[in-house]
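To start, the structure under review is shown below, and the notes come after it.
Where a number appears in this text, it was derived from the coordinates with a stated rule and is not lab data. What you see is a predicted model, and the numbers here were worked out from it, not measured in a lab. When we count neighbours, we look across all protein chains shown, and the Cβ atoms used for this are built from the backbone with ideal geometry, even at glycine.
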Amino acid sequence: MSSSAPKVLEVRDLKVSFTVDTGRLFRHDYHTIKAVDGVSFDVHRGEILGIVGESGCGKSTLARAILGLVKAEAGEVAWLGQDLLSLDEEAFRKKRRDIQMVFQDPSGSLDPRMTVGEIIAEPLRTFHPHMSELQVAERVRGMMQMVGLLPDQINRYPHEFSGGQCQRVGIARALVVNPQLVVCDEPVSALDVSIQAQIVNLLKDLQKKLNLSLIFIAHDLSVVRHVSDRVMVMYLGQVMELADRDQIYLEPKHPYTQALIESVPIPDPVLERARARRALQGDIPSPLHPPTGCVFSTRCPFADAMCVQKRPSLEATAQGSQVACHHFRELTERQASLEAAQSADQAGEAEHG
Ligand SMILES: Nc1ncnc2c1ncn2[C@@H]1O[C@H](COP(=O)(O)OP(=O)(O)O)[C@@H](O)[C@H]1O
Ligand code: SF4
Ligand SMILES: [Mg+2]
C-alpha cells in the first residue's frame, strides 16, 4: 500500500454512546458511556490499518458502527465518497456487500446448527439470490480452498473444527461476496498462540492476492506489527496517535503509545529498568467516569494542569502522522536531546575504555 492510493473509507468525528443503568433494584442510576468519542481516520485501497488499544477502549464499537451494526449518534462514515449513515436500511444493506467483518470469537460467531458450507454460502444467498445451487456450491468450495480448508468438509458442522479452522470459515464467509474492505475484530485473540501466526499470515496473503483493504483490530501492538501499513492507537474511545507502522514502533510520539511499546518485555535487565520508567502505570479509568481534559491524563507521567482541563485535538506532525497530546512537540525534542546525550556518553566511554 501507500497513502497515495485512493481513499475507500473516510470516518469523521464518529461518536457512539451507550446508556447504562448502574442502579440496583428500584433505583435507576443512568450513565452515558462514550464508547467512540470523536474518531476520524481514512482507509486507502489495498491498505492494512491496524487499530490497537486496551480492552474496552471502543475498538469493537467503532468496527460495528462502520458496518451499521450499532447506531452512531454523530459523525460521518463515507464509503467511496458516499455517506453511509444517512442511507436507508435497504441502501445500506446493498453497500454492506463491499464491507465485511471477521469476528473475534470464531466458534461463537458461527451458527452451530448450520454446516460450514451453509455458513459460508449465507452472504451469497443474501446478495446474489439468483445464483444457482451449483454455482453457490462451486463458489463455496473455491473459498474453502482459498482459506486452507478441505472442500470435502463442506457438510461438516462448526463443532467438528478447531478454533483456527473455525476462523478460516469466518474468513471465507467474509470474503465470499468479494468485499473491498474487511474489518477484522481481534481475529486471533481467541486462538492459541501457535495458531495465531497462521491466521495472521493467511489474512495478509489474502489481502495481497485480492488487493483488499483491511482493518485489523488487536489489543496488543505486537500482533499488528507485522501486518499493518499504518497503526491507529485508541484510548477510552479516542484516537491518541495514527502513524505509519515504522514510525509508531520506532518513534512513538504519544506518551500512551510509548507506554504500550515499553510494556512489551525485552530480555535485557538494564534496558528493561530504563524502560520501566516510561511503562504504563495504574488501571484504565472507568468509562463511566472518564478523566476531564486529556483522557490519558490520570496515567500520564507528563500530565500538567492544561492536560486536566483541555482535551487535546489530533494534530498533524512534521512526519505526516497525527498525535493527540498538548506536549508531544516538547516531549519529542526532549527525547531527541536525551538520546543525543546518551550516544555522546557512549562514544566517550568507548574512547576511554
Ligand atoms: N451494548 C453495549 N451496551 C453498553 N455498553 C457497551 C455496549 N457495548 C460496548 N459497551 C461499552 O463501550 C465501551 C467500549 O467497548 P468495546 O467497543 O467493546 O471495546 P473494545 O472492543 O475496545 O474492547 C466499553 O466501556 C463497553 O463496556
Ligand atoms: S495531553 Fe498531557 S496528559 Fe495527555 S498525553 Fe499529552 S502530556 Fe500526557
Ligand atoms: Mg472488542
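Rounded to the nearest 10 degrees, what's the angle between the helix 163-175 long axis and the longest principal axis of the chain, both from Cα atoms, 0 to 90? It works out to around 70 degrees. A compact globular protein would have a Cα radius of gyration near 2.2 N^0.38 Å; the ratio found for the chain is 1.10. Along region 248-261 the Karplus relation, 6.51 cos²θ - 1.76 cosθ + 1.60 evaluated at θ = phi - 60°, assigns HN-Hα couplings of 4, 7, 9, 9, x, 9, 7, x, 5, 4, 4, 5, 4, 5 Hz to successive residues, with x for each Gly and Pro.
Taking all Cα pairs closer than 8 Å and separated by 6 or more residues, the relative contact order of the chain comes to 18 percent. Angle of helix 193-210 to the longest C-alpha principal axis of the chain, folded into 0 to 90 degrees and rounded to 10: 70°.
Ordered by the count of other Cβ atoms within 10 Å of each Cβ, fewest first, Leu124, Leu134, Leu9, Leu210 give Leu134, Leu210, Leu124, Leu9.
The distance from the alpha carbon centre of region 142-174 to that of region 209-246 is 26 Å, rounded to a whole number.
Taking the DSSP beta bridges with both ends in the chain, the antiparallel portion is around 60 percent. Residues whose amide H comes within less than 5 Å of that of His44, counting only those at least five positions distant or on another chain, are Val8 (H built at 1.01 Å from N in the peptide plane).
Cross-link partners for Lys34 among the aspartates and glutamates, with Cα-Cα distance under 12 Å and sequence neighbours closer than 8 places in the same chain left out: Glu73. With 27 Å as the limit on Cα-Cα distance, the pairs of Lys15/Lys94; Lys71/Lys204; Lys95/Lys253; Lys71/Lys209 that go past it are Lys71/Lys204; Lys95/Lys253; Lys71/Lys209.
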